[in-house]
Amino acid sequence: MARGEVNRSGEMEVFVRVVEHGGFSAAARACRMTPSAVSKLIGRLEARLGARLVNRSTRRLQLTPEGSAFYERTTRILADLDEAERSAAAGEQPSGLIRFNTSASYGTHILAPVLSEFLTRYPAVTLDIVQTDLVIDLIAERTDVAVRAGPLKSSSLIARKLGDVGKLIVASPAYLQRYGEPKSIADLDAHNRLGFGYARAIQGWPLRAHDGSEVVVPTMGRVQASDGETLRQLALGGAGLARLATFTVRGDLAAGRLVPVLQEFNPGDRESFHAVYLGQGGLLPSRIRVLLDFLAERGKVGD
């Protein structure tokens with residue numbers, strides 16, 4: 001029989017039963033096998049190993065020196081297998097490292113304020129968080145879970161929706177005092193429009209004119225950035241106008257640090273957020289499952 005076709009763990013379990021029960025008949029009852037089947041299995045095991053494991057000449061089986069050494073190693077291996085199964089079981093205390101990827105905006109405004117709750121619930125779990133607005137390859141980047149904004153492309157990823165949010169154009173009071181507040185879509189030509197420095201589904205700001213038509217105004221400002229949180233900080237510093245998700249500027253609007261502009265032209269578009277991961281939607285490591293459950297509970301986004 002080829003090595004890959006041998007159920008070695010099964011053979012080990014039967015061998016351990018033979019030793020612990022002191023004979024083939026008792027081991028057969030414990031394993032729900034016939035005594036002849038147990039005897040043949042031990043014979044095949046010995047033939048494959050090229051060593052006699054038990055002496056059958058006495059009424060009670062005796063281990064050979066090779067059999068004693070094999071028994072000690074076998075019991076350790078089976079104990080390790082049991083421990084591995086317990087650790088992977090759904091009811092086991094989640095533990096281990098989770099590689100998590102998210103946008104800087106989600107990480108700053110949604111995840112960071114509640115992350116201590118997750119760490120308190122699951123003290124054996126550790127996280128490695130990478131923040132980027134770019135869509136990454138989870139396999140290539142060795143990532144377990146990612147939070148993504150925008151439409152999802154068809155792929156092998158499983159997604160859990162975390163909500164959707166609107167967007168609005170904002171500016172700091174200092175910027176508006178210096179350059180004036182735009183009152184029409186055409187007025188945007190005279191303003192510094194902060195944008196993203198990478199390709200997006202819509203390259204610009206969608207706006208709805210008074211006649212109901214929708215136009216996309218390109219972001220042709222003097223500064224571009226790779227993530228929404230940097231754009232927020234630039235807007236706060238008076239560098240220009242930015243179109244941002246509402247959850248990222250809620251506190252700034254309430255405090256007067258940012259002011260919404262051109263709201264009458266807001267098309268009301270919304271951006272969806274999902275937690276995505278690899279898998280078939282079935283068995284997941286418990287550490288991944290509890291993080292997904294936590295995000296669905298405490299990591300939702302909304303206006």
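The values are calculated or read from the model by the stated rules, or taken from the named source; none is laboratory data. Model, not experiment: these values are computed from the prediction. A quick note on method: Cβ atoms are made from the backbone with ideal geometry, for glycine too, and the neighbour counts reach across all protein chains shown.
When residues in region 240-280 are screened for being closer than 26 Å to Arg208 by Cβ, assigned to a loop (DSSP other than H, G, I, E, B) and at pLDDT below 95, 6 of them pass. Of the residues in region 101-110, none is under 30 Å from Leu162 (Cβ atoms), loosely packed, with under 14 Cβ neighbours inside 10 Å, at pLDDT 90 or above and not assigned by TED's automatic domain parsing to the domain that holds Glu20.
When region 111-146 is limited to residues that are within 20 Å of Arg243 (Cβ to Cβ) and of a type in the set (A, V, I, L, M), the one that is surrounded by the fewest Cβ atoms within 10 Å (Cβ to Cβ) turns out to be Leu134.
Once region 52-86 is narrowed to residues that are in contact with a Phe, Trp or Tyr (Cβ under 8 Å, 6 or more places away or on another chain) and either farther than 10 Å from Phe15 by Cα or surrounded by fewer than 13 Cβ atoms within 10 Å (Cβ to Cβ) (or both), the residue that is modelled with the highest pLDDT is Leu63. Scanning region 194-247 for residues that are of a type in the set (Lys, Arg), buried (at least 16 other Cβ atoms within 10 Å of the Cβ) and over 27 Å from the mean Cα position of the chain (by Cα) gives Arg208, Arg243.
Summed over region 151-171, the residues that are in contact with a strand residue (DSSP E or B) (Cβ under 6 Å, 6 or more places away or on another chain) and assigned to a loop (DSSP other than H, G, I, E, B) give a count of 1.
Pairing each residue of region 241-259 that is touching a residue at least 60 places away in the same chain (Cβ under 8 Å) with any residue that is among the basic types (Lys, Arg), provided the two are 6+ apart or on different chains, yields C-beta distances under 6 Å for Leu241/Arg193; Arg243/Lys167; Leu244/Arg232; Ala245/Lys167; Thr248/Arg232.
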